Amino acid sequence: MTNEANKAGRLTPGQIEQYEREGYTLFHQPVFAPEKFERLRAIFEENLERYGAANLDMPHTRDERLLEFLLAPEVLDLVEPLTGPNIGLWASHFISKEPRTGKATPWHEDSAYWEGRISDMAGICTVWLALDRVFPENGSMGVLPGTHTNGFSEYEKEGKEENFAGFEQRIRPEAIDESKAVFFTLEPNEASLHEARIVHGARANTSDFRRAGYTMRYFPTTARIIPERNPGHKLWLARGVDLAGNTYEN
């Protein structure tokens, strides 16, 4: 991480240090100006109505309006101190967990689902932007601080419980100490940032309030996204230059 990256970012030195030590940090300030945030939320509502909550993965590949937000300096200035100055856009995903019915998300590491798809997991950062107010009772994300130093826990196939979201596998329960979990509270237009290897999950939405968010995922371009392991996957160069021979839409 360079001094230039520190100066460019919107994070404080304390937030950067927390991210490096614990694998996450919280940004309790507006990410976007109010009018811009409302435009993003309107795009989300359109996508939710048109495609349904189960079909909101990679929405920017079919709705180019989202690139304005994904490639925005407001977001990239959060990410740069954590990834370095050369940044690729890896993925995005709208998430909508409905009141009283939104399912839990098992404890997992994002890195376990990408094994073999990217040359290096280090430095991948997810910005989780709150579109609604999110808090533990409506299924906010929780993390196990410091677990990002591993990234490949022992998994087991998931059963048919109705309480869980559609993950194929989850970390063995005996490997999880939930007493150490930190569950987030975010107001709309605030964000959390987490490293790809941190263990995280979410409880079911037991409240009367929807929990919606937009995940925006970035990688340092020193990592190569392996084409044959990612058929049809589209990348955008978000900032700086490519250093690994990746191919970008822009």
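In the chain, how many lysine pairs have Cα atoms under 27 Å apart, counting only pairs 8 or more places apart or on different chains?
Taking the Cα cut-off of 27 Å, the pair count is 12.
Could you order 103, 180, 36 so the one with the most accessible surface comes first? Probe is 1.4 Å.
Correct descending sequence by accessible area is 180, 103, 36.
For a Förster distance of 30 Å, can you work out the FRET efficiency between the beta-carbons of residue 20 and residue 113, rounded to the nearest 0.05?
Computed FRET efficiency for residue 20 and residue 113 comes out at 0.85.
Report the gain in length on full extension from residue 29 to residue 179: 0.36 nm times residue separation, minus Cα-Cα distance, nm rounded to one decimal.
That pair, residue 29 and residue 179, stretches by 51.2 nm at full extension.
Counting only residues 5 or more places away or on other chains, whose amide H sits under 5 Å from the amide H of residue 118 once H atoms are built in the peptide plane?
226
In whole percent, and with a 1.4 Å probe on the protein chains, what portion of the accessible area of the chain is carbon and sulfur?
Taking all protein chains in place, the chain shows 49 percent carbon and sulfur surface.
Just flag the GluC sites (Glu not before Pro) in segment 45-148 sitting in loop per DSSP whose Cβ has no more than 13 other Cβ atoms within 10 Å.
Counting only loop positions with at most 13 other Cβ atoms within 10 Å, the GluC sites (Glu not before Pro) in segment 45-148 are 115.
How much FRET efficiency would the formula 1/(1 + (r/R0)^6) give for residue 226 and residue 61, where r is the Cβ-Cβ distance and R0 is 22 Å, rounded to 0.05?
0.75
Provide the gained length on full extension for the span residue 74 to residue 12, in nm with one decimal, where the gain is 0.36 nm per separating residue minus the Cα-Cα distance.
Taking 0.36 nm per residue and subtracting the Cα distance, the gain is 20.9 nm.
The values are calculated or read from the model by the stated rules, or taken from the named source; none is laboratory data. Remember, predicted model here, so these are calculated numbers, not experimental data. Cβ coordinates were reconstructed from backbone atoms using ideal geometry, including for glycine residues, and neighbour counts include every protein chain displayed. We work out accessible area using only protein heavy atoms, side chains counted, and drop any ligands, DNA or RNA first. Shrake-Rupley method; radii C 1.70, N 1.55, O 1.52, S 1.80 Å.
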